[in-house]
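Some notes on the structure that comes next.
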Amino acid sequence: MRYDPADLAALEPAQFASATRRALPRRKLSRGVTLLLYGLRLYVLIAVPLVVYAFVHALGGL
Amino acid sequence: MLDRPDASFATREDYLRARERTRVLLARGKRRWLRLVLLLVGPGVLVMLGENDGPSMVSYATTGATYGIGFFAPFIILTFMMAFVVQEMTVRLGAATHRGHAELIFQRYGPFWGYFAMADLAFGNVLTLVTEFIAIQAGGLYFGVAPWISVSAGIAVVIASLSLRRYVTWERALMVLALGNLLFVPAALLSHPDGAALVHALATWGPLPETLGAGFVTLILANVGATVTPWMLFFQQSAVVDKGLTRADLTQGRIDTAVGAVLAAIAAIATLVAASSLYAAHVDVSQFADGANFATALRPYIGETGATLFALGIIESGLLAAMTISTSSSYALSEVFNVGHSLNLDFSNGKLFFGAAIGTSVAAGGIVLIPGAPLLAMTLAVNVIATLLMAPALVFLLLLANDREIMGDLVNGRLANLAGGAIVIGISAIGALYGVITVFPGLIGK
């Protein structure tokens, strides 16, 4: 396949694959957001086993 | 401000994306708005119709057959409005940062939270992918095709789509397939629906079911899980980046997402309407295993043609979702490991990207073929799990969409935050209610 370098002008500099490989700087999470994320993690860790329980329970009923 | 890389650093991925961008810029320059929209639609339509997948259509059918259209027709519209609000943020994120969802979470919030987000995605995607192959197998069974043949054919189609090695070709091929989701519309029309009852339901959210017990809550949760799930966030943002959308294309990106939401809502309500024939006839669907059971049960009410369309729709829903969900896993995994993540890659530069999609598809198809696998329970549980995993995924989405450093002037406004926050609270509350009635099943009855 032949490529035309002139086409590259249509891309913004940040769209090149080489540009997207450079990592963005880290952002510090506030205490409130960190607590919210831990809370939601707890929520998932409690809720998913409940679904698994319901799943296994349903299997027993089949 | 980034400098423009030298042409010698440009890759095949860059050239293919640039070629499509040239067409977009030409259309915009000539003010050919319709062509511009046609060039830029894709990620939104695919994500919305992709989410009308196997378990989603079974959920809509179960809902229609259990409760009729009363409450759920307007509820489905509400859930797709929620989906639009959420997915529009991914379009802005992709256009503003030119980075996928997974890499943004890792880079901005670090690997600790990044791996949690990835674990949720991987867990949900693997389970959902299995149910897509259940749908393909079930649809095949309706036509008398052996499971190993239909599942193998499904895997072959996924691999064939990846072999296209050009994002735009892949996208257009999938969009043609996605139109098959509308097969549920003629199936619904063949059930001779009561138009007045549908209008009444949409206007009044009624009639409400006589009992609002555990089954009702589970179907509410399943219907939410049928429209908003974590893979959609990862897929659409990465697809927007792969397609090359920029800030200038936001209007078309929003149109794309809105068109997808409207088409998907039409197909979902059509499935509800078609299956409501079973509700009217008092058919017990509690032991139905899959979409094929619905197609067979609907035959006396929507005829052989209607049932055939329904079964074909089930196959399409599984096949399209298998391709979009496996691709969302590929994007996310490759972004995390900072390796090539584009459908424009060739195989030698995209081993992990293509390998992840092919590997997960083969594994999911293999699970479906295990004799005695609990396919029914899995199908019903998947949407529930997807909904439960959505709350933390939405919080990351809101954090990123409010990150002014990366979003600039595309940062979330107050309205978007209010809507997003309400969705997080609503989804968490329904999930918590589900948890309570699972632990205390006698609390609100069946």
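The values are calculated or read from the model by the stated rules, or taken from the named source; none is laboratory data. Note that the structure is a prediction, hence the values are computed from the model and not measured. For neighbour counting, all protein chains shown are included, and Cβ atoms are generated from backbone atoms with ideal geometry for every residue, glycine included. Heavy atoms of the whole protein, side chains included, go into the accessibility calculation; ligands, DNA and RNA do not. Shrake-Rupley method; radii C 1.70, N 1.55, O 1.52, S 1.80 Å.
Key figures
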{"read-out": "Residue in region B:88-96 that is within 14 Å of another protein chain (Cβ to nearest Cβ), open to solvent by 40 Å² or more (accessible area, probe 1.4 Å) and assigned to a helix (DSSP H, G or I) present", "value": "no"}
{"read-out": "Residue match in region B:77-86 (condition: assigned to a helix (DSSP H, G or I), open to solvent by less than 20 Å² (accessible area, probe 1.4 Å), under 17 Å from residue B:398 (Cβ atoms) and away from chain A (no Cβ under 14 Å))", "value": "yes"}
{"read-out": "Residue B:325, sole failed condition from (1) more than 29 Å from residue A:53 (Cα to Cα); (2) not acidic (Asp, Glu); (3) not in a loop (DSSP other than H, G, I, E, B)", "value": "(1)"}
{"read-out": "Test result for residue B:211, free of Cβ contacts under 8 Å to residues at least 40 places away in the same chain and of a type outside the set (D, E, K, R)", "value": "no"}
{"read-out": "Test result for residue A:19, of a type in the set (Gly, Ala, Ser) and more than 24 Å from residue B:27 (Cβ to Cβ)", "value": "yes"}
{"read-out": "Breaking point among (1) open to solvent by 20 Å² or more (accessible area, probe 1.4 Å); (2) among the aliphatic types (A, V, I, L, M); (3) more than 23 Å from the chain's Cα centre (by Cα), for residue B:302", "value": "(1)"}
{"read-out": "Test result for residue B:361, more than 9 Å from every other protein chain (Cβ to nearest Cβ) and free of Cβ contacts under 8 Å to residues at least 24 places away in the same chain", "value": "no"}
{"read-out": "Residue ID - farthest from residue B:167 (Cα to Cα), chosen from residues in region B:7-42 that are open to solvent by 90 Å² or more (accessible area, probe 1.4 Å) and within 11 Å of chain A (Cβ to nearest Cβ)", "value": "B:8"}
{"read-out": "Candidate set: region B:282-296, residues that are in a loop (DSSP other than H, G, I, E, B) and under 20 Å from residue B:308 (Cα atoms); chosen: the one modelled with the highest pLDDT", "value": "B:283"}
{"read-out": "Cross-chain or 6+ apart pairs with Cβ under 6 Å, region B:410-426 first and in a loop (DSSP other than H, G, I, E, B), then surrounded by fewer than 14 Cβ atoms within 10 Å (Cβ to Cβ)", "value": "B:411/B:404"}
{"read-out": "Qualifying residue in region B:56-63 (condition: at pLDDT below 95, among the β-branched types (Val, Ile, Thr) and open to solvent by less than 10 Å² (accessible area, probe 1.4 Å))", "value": "yes"}
{"read-out": "Members of region B:261-277 that are in contact with a Leu (Cβ under 9 Å, 6 or more places away or on another chain), closer than 13 Å to residue B:202 by Cβ and open to solvent by less than 20 Å² (accessible area, probe 1.4 Å)", "value": "B:273"}
{"read-out": "Residue among B:204, B:218, B:169 that is over 30 Å from residue B:321 (Cβ atoms) and not aliphatic (A, V, I, L, M)", "value": "B:204"}
{"read-out": "Candidate set from region B:109-126 (those that are in contact with a Pro (Cβ under 8 Å, 6 or more places away or on another chain) and within 11 Å of chain A (Cβ to nearest Cβ)); member that is nearest to residue B:53 (Cα to Cα)", "value": "B:124"}
{"read-out": "Residues being open to solvent by 70 Å² or more (accessible area, probe 1.4 Å) and either within 7 Å of chain B (Cβ to nearest Cβ) or in contact with a strand residue (DSSP E or B) (Cβ under 9 Å, 6 or more places away or on another chain) (or both) - total across region A:47-57", "value": "1"}
{"read-out": "Filtered residues of region B:33-57 (kept if touching a residue at least 12 places away in the same chain (Cβ under 8 Å) and over 14 Å from the mean Cα position of the chain (by Cα))", "value": "B:36, B:37, B:39, B:40, B:41"}
{"read-out": "Hits in region A:1-12 - residues which are outside any loop (DSSP other than H, G, I, E, B) and either more than 15 Å from residue B:248 (Cβ to Cβ) or open to solvent by 40 Å² or more (accessible area, probe 1.4 Å) (or both)", "value": "A:5, A:6, A:7, A:8, A:9"}
{"read-out": "Scan of region B:403-415 for residues that are in contact with a helix residue (DSSP H, G or I) (Cβ under 7 Å, 6 or more places away or on another chain) and either open to solvent by 20 Å² or more (accessible area, probe 1.4 Å) or at the interface with chain A (Cβ under 10 Å from one of its Cβ atoms) (or both), ordered by number", "value": "B:403, B:406, B:408, B:410, B:411"}
{"read-out": "Hey, residue B:256 at pLDDT 95 or above, within 14 Å of chain A (Cβ to nearest Cβ) and either surrounded by 24 or more Cβ atoms within 10 Å (Cβ to Cβ) or in contact with a helix residue (DSSP H, G or I) (Cβ under 6 Å, 6 or more places away or on another chain) (or both) or not", "value": "no"}
{"read-out": "Qualifying residues in region A:13-45 (those that are more than 8 Å from every other protein chain (Cβ to nearest Cβ) and open to solvent by less than 70 Å² (accessible area, probe 1.4 Å)) - the one nearest to residue B:119 (Cα to Cα)", "value": "A:39"}
{"read-out": "Scan of region B:144-162 for residues that are open to solvent by less than 60 Å² (accessible area, probe 1.4 Å) and not in a helix (DSSP H, G or I), ordered by number", "value": "B:145, B:146"}
{"read-out": "Residue count for region B:144-175, restricted to those that are aromatic (Phe, Trp, Tyr) and in contact with a helix residue (DSSP H, G or I) (Cβ under 7 Å, 6 or more places away or on another chain)", "value": "2"}
{"read-out": "Residue check, residue B:110 more than 25 Å from residue B:384 (Cα to Cα), assigned to a helix (DSSP H, G or I), open to solvent by less than 10 Å² (accessible area, probe 1.4 Å) and not basic (Lys, Arg)", "value": "yes"}
